[in-house]
Amino acid sequence: MRIFVGRFVTLERERPEVEAIAVDGEMVVGTGGFRSMRGAAGARAEVIEVPGVSVPGLVDAHIHVEWLGEALGQLDLRHLDRDEIIAAVAARAVTLPAGSWVRGSGWDESFFEPAAFPTATDLDGATSRHPVLLTRIDHHAVWANSSALAAAGIDASTGDPSAGRFVRDTAGGPNGVAIDGAMAPLLAAIPPATEQSRKERIHLALSRCAAWGLTTVHDAGIDADALDLYYRLGREGPLPTRVYAMATAPGDLAQDLVENGPRATKHQITLRTIKLFRDGALGSRGARLTAPYHDSPGHLGIDLIESGELMEWVLKAAERGIQVATHAIGDFAIRDVLDAYETASDAARALRFRVEHASVLDPRDLLRFADLGVVASIQPVFISEYARWAADRVGPARLPWVSATKDLLATGAPIAAGSDFPASVSGDPRATLYAMVARRGPDEEPSGGWQPHQAIDRMAALRLMTWGPAYASFTERTAGALGPGRVADFTAFATDLRAGPPEQLLDLPVSMTVVGGGIRYRAS
């Protein structure tokens, strides 16, 4: 038996704040004053002092774990202009043997002058001895140099795939930027990572998540090999965080789920969800819109899956009791996904089907989330990017549809908040909280907040990172709050997140992260 002593915000109605929680195994067995908890637990109970103020364990409802681990070893290109990126590539290249790939992620052409997609020629000056492949911040586009294009067999005769496109030069040849499905040959040309390196990436990423204060992550797209690596890590000892995984569809793991049903939770890993992709990203103009892009007349975005195939997956999953989570950013894609979910009838509510991102949401579809019982899985930190270029992409009439958090919350729809990191500016949950409360990115821009009327209060934001993801993962009875019969997952901050100016949310020191009563992170 353990007794944790400090200040605990429980999110429970009867006892919203307590001094101590008693834990037996992984579960909370009592909450209240220290004396009463000590009396119930007995003198032999271990007492652990928890500094600061604790909240129920924070959850990221949409993150990419292995990508995060991979990104930690790559060039970080966020907020850099074109020349700074080229210089960073050149500096990294001189440290690597000829022929080794230079990788980086996080570039965003809105920081370039002019704000246009870059070219292979831009990177060729950095190195001619190494293939270079840099991933855009949304992970829906890559930027390659000429060596990488050659390694992938891409030349002037290469056509566009059905679910992607190459940005082209004036002669019609691929110029170095590949979007969505067109990324595949470039990614396939990279020498595959070893199982050991993949395993190390996953553990490194989960450890970083625990240090951020996350107790659970929803890994938004894994394959069978990644699941096996998770299980191997779990057999070696407790994972730094719990994992609620989604199987990428189409794919062998997703096919196995829709044929055989959900996997039992094992080593803190749950798999009962398939992840589909209806469209691309708004920044790279791959999000599927109903009307053309404001800054690209005639272009509607990209269909990564057709409506008929989407429907087939949804109905198969519904039949086998599998949750469906579908990436949909543009208003056309969101409506198409909701239409497919509606066809599945009561299964959509019972299986808590999810729309991942739901960024450009037509007001006519706003109430459908609550009506159908569909979870809106949102990423508030997208505000950092949307504030710079969303108006250019969708124009003034549709701009109020973008990231309308407060409007969505007002409908009563189930909502879970995450980061999509590293396909966003930050995976730190404090940045997610801050974005919801202040409508600003982790750089505290824009100064007045972006569409500030969509801001929500701190406790509502906290629930979207605790109870909301618990509901989205079918664990709202045992997680999402602190009370008897719930798992002992909590995040301790050195100071109270409920007090002080919003800017302080970004710098709240994480003092302790506890998962199932076990300390997974403790500040030195």
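The values are calculated or read from the model by the stated rules, or taken from the named source; none is laboratory data. Given the structure is predicted, the values throughout are model-derived calculations rather than measurements. Every residue, glycine among them, receives a Cβ derived from its backbone with ideal geometry; neighbour counts consider all protein chains shown. SASA here: full protein model, heavy atoms, side chains in, ligands and nucleic acids out. Shrake-Rupley method; radii C 1.70, N 1.55, O 1.52, S 1.80 Å.
Site pair residue 411 and residue 362 shows an inter-label distance of 1.3 nm when each label is modelled 7 Å from Cα along Cα→Cβ. How far is helix 195-212 tilted off the main Cα axis of the chain, in degrees rounded to 10, range 0 to 90? Between the helix axis and the principal axis of the chain, the angle is about 60 degrees. Compared with the direct C-alpha span, the chain from residue 72 to residue 84 gains 2.4 nm at full extension, assuming 0.36 nm per residue. Counting only Cβ charges, +1 for Lys and Arg and -1 for Asp and Glu, the dipole size of the chain around its Cα centre is about 1580 debye.
Considering only protein heavy atoms, what per residue accessible area in square angstrom results for the range 166-216 with a 1.4 angstrom probe? The partial results should precede the final answer.
Values: 2140 Å² over 51 residues.
Computed with neighbouring chains in place, this is 42 Å² per residue.
If you filter the range 259-309 for GluC sites (Glu not before Pro), then keep DSSP loop positions with at most 15 other Cβ within 10 Å, what is left?
Hits after loop and neighbour filter: 306.
Residue 490 exposes around 0 Å² of accessible area when a 1.4 Å probe is run over every protein chain in place. Once you have a ≥ b ≥ c as the square roots of the Cα gyration tensor eigenvalues for the range 405-524, tell me rounded if a/c is under 1.5, and otherwise prolate or oblate according to whether a/b is larger than b/c. The shape class here is oblate.
With a Förster radius of 30 Å applied to the beta-carbon distance between residue 40 and residue 267, the computed FRET efficiency rounds to 0.45. In this simple spin-label model, placing a label point 7 Å from the Cα along the Cα-to-Cβ direction at both residue 295 and residue 309 gives a separation of 2.9 nm. Protein-only accessible surface at a 1.4 angstrom probe places the residues 457, 256, 362 in the order 457, 256, 362, largest first.
May I ask for the equivalent-ellipsoid semi-axes of the range 23-108, computed as the square root of five times each C-alpha gyration tensor eigenvalue and listed largest first in whole Å? Present the calculation step by step, with values, prior to reporting the outcome.
Details: eigenvalues 515, 42, 30 Å².
Taking √(5λ) for each eigenvalue gives 51, 14, 12 Å, largest first.
Against the set (1) 88, 54, 43; (2) 80, 52, 50; (3) 69, 68, 41, the structure's computed Cα extents along the principal axes in Å falls on (2). Entry note, the chain: the mean residue ellipticity at 222 nm calculated from DSSP H runs of n ≥ 4, each adding -39500 (n - 2.57), is -9000 deg cm²/dmol after division by the residues and rounding to the nearest 500. Which shape class applies to the range 267-327: rounded if a/c is under 1.5, otherwise prolate when a/b exceeds b/c and oblate if not, where a ≥ b ≥ c are the square roots of the Cα gyration tensor eigenvalues? Oblate, because a/c is 1.5 or more while a/b does not exceed b/c.
In this simple spin-label model, placing a label point 7 Å from the Cα along the Cα-to-Cβ direction at both residue 194 and residue 255 gives a separation of 3.0 nm. List the lysines whose Cα sits under 16 Å from the Cα of residue 316, skipping any in the same chain fewer than 8 residues away. Straight-line reach from residue 316, under 16 Å: 275.
Obtain the radius of gyration and the Kirkwood radius of the range 135-242 from its C-alpha atoms and give Rg over Rh. Provide the component values of the computation, followed by the final result.
Details: Rg = 17.9 Å, Rh = 16.2 Å.
Here the Rg-to-Rh quotient is 1.10.
Taking 0.36 nm per residue of separation and subtracting the Cα-Cα distance, full extension of the segment from residue 211 to residue 91 would add 40.2 nm. Taking the longest Cα principal axis of the chain as reference, the axis of helix 82-93 is set at about 80 degrees. When the solvent-accessible area of the range 295-357 is split by element, carbon and sulfur atoms take up 47 percent of it, the probe being 1.4 Å.
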